[in-house]
Amino acid sequence: MDPIITNGLTKRFGSFIATNAITFEVKKGEIFGFLGANGAGKTTAMRMLCGLLRPSSGTAKVAGYDVYTQSEKIKQNIGYMSQKFSLYEDLKVKENIRFYGGIYGLSDKAIKEKTTQLLKKLQMEAEADQLVSALPLGWKQKLSFSIAILHDPSIVFLDEPTGGVDPLTRRQFWDLIYEAASRGVTVFVTTHYMDEAEYCDRVSIMVDGRIRALDTPRRLREQFSAASMDDVFLQLAREKAKS
Amino acid sequence: MQTPIVVQDVHKSFGAVKALHNISFTVQEGELFGLIGPDGAGKSTLFRILTTLLLADKGQATVNGLDVVKDYKAIRKIAGYMPGRFSLYQDLTVEENLHFFATIFNTTVEANYDLIEEIYVQIAPFKKRPAGKLSGGMKQKLALCCALVHKPAVLFLDEPTTGVDPVSRKEFWDMLQRLKQKGIAILVSTPYMDEAMLCDRVALIQNGQLLNIDTPQHIIAQFSKPMWAVRAKHMYRLIQDLRAFPGTDSCYAFGEYLHLTLKDGTAGVDALQAYLDTKHHEAFTMFSIQAGIEDCFMELMNTENV
Amino acid sequence: MRQFIVFARKEFYHIFRDRRTLLILFGMPIVQIILFGFAITNEIKNADIAVLDQSKDYYSSRLVQKLTAGGYFRIDRNLRDQSSITAAFREGRIKMAVVIAPEFSQSFHHHNKGRVQLLADAGDPNTATTLINYATAIIGNFQQELNGELELPLTIDTTVTMEYNPALKSVFLFVPGVMTLILLLVSAMMTSITIAREKELGTMEILLVSPLPPALIIVGKVVPYIVLSFINALIILTMGVFIFGMPIKGSLVLLLAECVLFVLTSLSLGILISSVTDKQQTAMMASMMGLLMPTALLSGFIFPIESMPLPLQWLSNIMPAKWFIIILKDIMLKGSGLQYVWPQTLVLVGMTLFFVIMSIRNFKIRLS
């Protein structure tokens, strides 16, 4: 069974339809890019999938659990990372890891092992006892991602994880994503960098609450006879402006 | 006419953190000058020094020939500034914000309407809406109107396109190109490398230091190593294989391709081919390309770190 | 001038578009006054007591009669023996028990000594003390009546307290206190928060980069709050007079002028706070912890200054509120004119000047 399946998923706020009957599925181990302009309904859709917001209608299953009735189960089986809130700035690197490990019910022994592994992978052993506030932004984001997948979730949701990060760190970040995906973790990611859309296995583009395009980056470019994903995106936006 | 912006040997530290180190550059009249670098590189600090909000530890800077320390009052009359965060009153309507900022700069919206007209008509349909309820792109347009309403001689835009979707970003840059034609010098910062190509000249900044100052075309031309674009069906495996290859100099993902440079340049291609033959990649393609700004930036970052 | 008007108008927009601000500005004073006026009073009215009269003679019944005559006490029940006192308290209906020893009249006449025991529920010490004080005073009166030549210091004490507040209405003491607190809160806290908000939103950056003189930024932000605080003072006064029958014996003009002075003191304090904070939350905490708490505790509003330990009494002198409460009480209750309240007024003027100078010295024309 696919880790994410939605059918006609809709969210209304009063008369405003934020997410309008979206239907798609994400396969296991896939990196799924979720694109759209500001206000297109990405955040609303993502919140519904994470069990944070109750849909108005339609169905969705995440990690095999129903978003209406089993949101607690969903939360245990997913990882979540957003650009805005990720880590406690006034806690040390180690303390942050221990805290999140504790939240997801990992044993002390497991937390210890995973902390060592994680710090080694990020080459941050020397910074283990530093306050997070002292780290450069790029490091924070990498650390934050690693913590989001600390409890081995089957799916991880990333909300604009690389905003403002320097190009080198941005690529290191994607290396982490690739690595997680190669281990079978399903990655659901939003981004404003169109070149990053190309790193995804499949990409969906939302316009005004609807999914207007969904395919591999290559086929989307062919479909819109565009040179880059940027072009695809702009074409869809212009279409919207005309209508 | 004075040179719009001159920065000479500016240093600024916050405690132990060196926010800016030895920064010097000039912005000419009617020039669109880009300050390109990631978050935390020191862009906002530099903007605040130039807009007289912060004092540099060392060095001089002038805006239109006025010293940023001594003549701060005069600069505050002629500079237009759009800070990094959305800095308008969220609970005031579009119209009220614009009138407010016009008045505090001792002018009226009508007096300089020709300058902002083109931008303002796009948000005029929402003029009765509180600024906090606008979409990201709309907010930026309103902020730009407010920064322009007193017809500034120099425009400072600190990350105007951050967090804004690609469509609004493109529109925003189109507006800047047209403003430039009206003779306003513009200093704009951005973390998006691709936007560098839209500037007349750029300064690449990282960790408080300038890596390079030049036209985007020259920066690209300076990139001396031959570069290839590579792709295969399984990109992650390809990236790992290429990085494991001893002759690889750098290998980064760029959109649908990997950008690759070799230690031996063109001479290393045969060895690479032989190496990759043993790895059996499906749908493998490789061709020579010209490096982009982002390649140059990463290259410069790497050399600085050495 | 046009800049100033536009600035002040913007400030009014902020206030009127934010329901929470409006609620704090106008809802809180009304709620506070009503709360203090009706609910939290320490005045005694028909307090239920139990009486154990073990002598049941002429004098003892006259004493009981005297106790209940004033309307302060009401006999809930008469007890038969010592052991039922505890039970009566436990039931929770009575607040005080009066035990008159056997052979009251006799010992009174022959030994010049009548033994009366007063028991109060010290679970609520404030009420208990007040009840005991009242009862002691009444008993003292009674004694005086019977025994003309006997002077008791107690009676003198009670007359002093009752002189300006004959009905012992605590609301007369609370209105000046609440008014002080509200003016301080609205003026100091709201100004410091609104200035901190501009810093937090980043709009302060644009204002600083504009040709606006910094003084105009401050004045423009403060003037709307002067107006609103003054309206608040009027509302509280009106409520005090018309709902609680609070007198204004002195000059109304002087009273209002003193209100304006205190508003200015508080505003300058608010500006001073905002010059050292850049987050709304910090400004709020600083105002709460640094202003409201000490003011409520040390200004004489809740606890009488005379009964504080000396160091706290000295400390209370630096509370602007203390001086304003004295001024308010003097003008409203005693009808004093400026010739009596000038020292306090001078203290407030001095404090205001001090805060203003400090804020000007602290105000930054730049960000750091």
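The values are calculated or read from the model by the stated rules, or taken from the named source; none is laboratory data. Remember, predicted model here, so these are calculated numbers, not experimental data. Heads up, the Cβs are rebuilt from the backbone with ideal geometry, glycines too, and the neighbour counts pull from every protein chain shown. These accessible areas exclude ligands, DNA and RNA; they are computed on the full protein's heavy atoms, side chains included. Shrake-Rupley method; radii C 1.70, N 1.55, O 1.52, S 1.80 Å.
What does the helix-only formula give at 222 nm for chain B: each DSSP H stretch with n ≥ 4 adding -39500 (n - 2.57), the total divided by the residues, and the result rounded to the nearest 500 deg cm²/dmol?
My calculation for chain B gives -10000 deg cm²/dmol from helical runs alone.
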Which angle from 0 to 90°, rounded to the nearest 10, does the C-alpha axis of helix B:113-123 make with the longest principal axis of chain B?
60
Starting from the residue with the highest accessible area, list C:M288, B:M298 in decreasing order, probe 1.4 Å.
C:M288, B:M298
Per-residue accessible area, 1.4 Å probe, largest first, puts A:K240, C:K322, A:K92 in the order A:K240, A:K92, C:K322
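Which pairs in the list A:K121/A:K142; C:K221/C:K364; C:K10/C:K364; A:K28/A:K140; B:K43/B:K182 are over 18 Å apart, alpha-carbon to alpha-carbon?
Listed pairs above 18 Å: C:K10/C:K364; A:K28/A:K140; B:K43/B:K182.
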Run through every distinct alpha carbon pair of the stretch B:224-290 and return the Kirkwood hydrodynamic radius in angstroms, one decimal place.
11.7
Longest chain B segment clear of GluC sites (Glu not before Pro) sitting in DSSP loops (not H, G, I, E or B) with at most 11 other Cβ atoms within 10 Å runs B:111-281
1/(1 + (r/R0)^6) with r = Cβ-Cβ of B:D67 and C:T238, R0 = 60 Å, i.e. FRET efficiency to nearest 0.05, evaluates to 0.60
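To one decimal place, what Kirkwood hydrodynamic radius in Å is obtained for chain C from all pairs of distinct Cα atoms? Intermediate results must be reported in sequence, preceding the final value.
On the way: mean 1/r = 0.0421 Å⁻¹.
Value: 23.8 Å, from the Cα pair sum.
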Among C:Y134, A:V207, B:T52, pick out the residue whose Cα is farthest towards the positive end of the charge dipole of the protein assembly as shown, where Lys and Arg carry +1 and Asp and Glu carry -1 on C-beta, about the Cα centre.
C:Y134
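Quick one: what do you get for the stretch A:1-146 if you divide its Cα Rg by 2.2 N^0.38 Å?
1.22
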The correct ranking of C:M1, C:M28, C:M358 by accessible area at 1.4 Å, largest first, is C:M1, C:M358, C:M28
Which of B:K151, B:K128, B:K180 moves most in a GNM of chain B, Cα contacts under 10 Å?
B:K128
Residue farthest toward the positive end of the dipole of the protein assembly as shown, with Cβ of Lys/Arg at +1 and Asp/Glu at -1: which of B:F172, B:F245, B:G132?
B:G132
Would you check the accessible area of B:I5, probe 1.4 Å, heavy atoms only, in square angstrom rounded to 10?
0
Any lysines with Cα under 21 Å of the C:K322 Cα? List them, leaving off those in the same chain fewer than 8 positions away.
C:K169, C:K249, C:K334
Nearest-20 debye value, chain A charge dipole, Cβ charges on Lys, Arg, Asp, Glu:
540
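Mind giving me the FRET efficiency for B:T108 and B:T26? R0 is 35 Å, r the Cβ-Cβ distance, nearest 0.05 is fine.
0.60
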Interface size C-B, as summed buried accessible area [1.4 Å probe, Å², nearest 100]:
2800
Assigning unit charges at the beta carbon (Lys, Arg +1; Asp, Glu -1) and nothing else, what dipole magnitude in debye, to the nearest 20, does the protein assembly as shown show about its Cα centre?
1480
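Looking at chain B from every direction and averaging, what is the projected area of its Cα convex hull in nm²?
Reported value for the Cα convex hull: 18.4 nm².
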Label model pair C:A257, A:E25: point-to-point distance (7 angstrom along the Cα→beta-carbon line) in nm is 8.5
Only helices at least 18 Å long along their own axis, judged from Cα atoms, and with Kyte-Doolittle mean hydropathy of -0.5 or greater: name those in chain A from DSSP H.
A:167-182, A:229-242
Plugging the Cβ-Cβ distance of C:K66 and A:D66 into 1/(1 + (r/R0)^6) at R0 = 51 Å yields, to the nearest 0.05, a FRET efficiency of 0.10
Dipole axis of the protein assembly as shown (+1 Lys, Arg; -1 Asp, Glu on Cβ), positive-most option in C:M319, B:N64, B:I220:
C:M319
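Counting only protein heavy atoms and a 1.4 Å probe, tell me what percentage of the stretch B:5-215's accessible area is made up of carbon and sulfur.
Carbon plus sulfur share of accessible area: 50 percent.
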Determine the equivalent ellipsoid of the protein assembly as shown by diagonalising the alpha-carbon gyration tensor, then write out the semi-axes as square roots of 5 times the eigenvalues, largest first, rounded to whole Å.
71, 36, 25
When all protein chains stay in place, what accessible area (Å², nearest 10, 1.4 Å probe) is found for C:V64?
20
Of the candidates B:M193, B:M227, B:M235, which one comes out as most mobile in a Gaussian network treatment of chain B with C-alpha springs shorter than 10 Å?
B:M235
Of C:F36, C:F230, C:F104, the one that fluctuates the most in a GNM where chain C has Cα springs shorter than 10 Å
C:F104
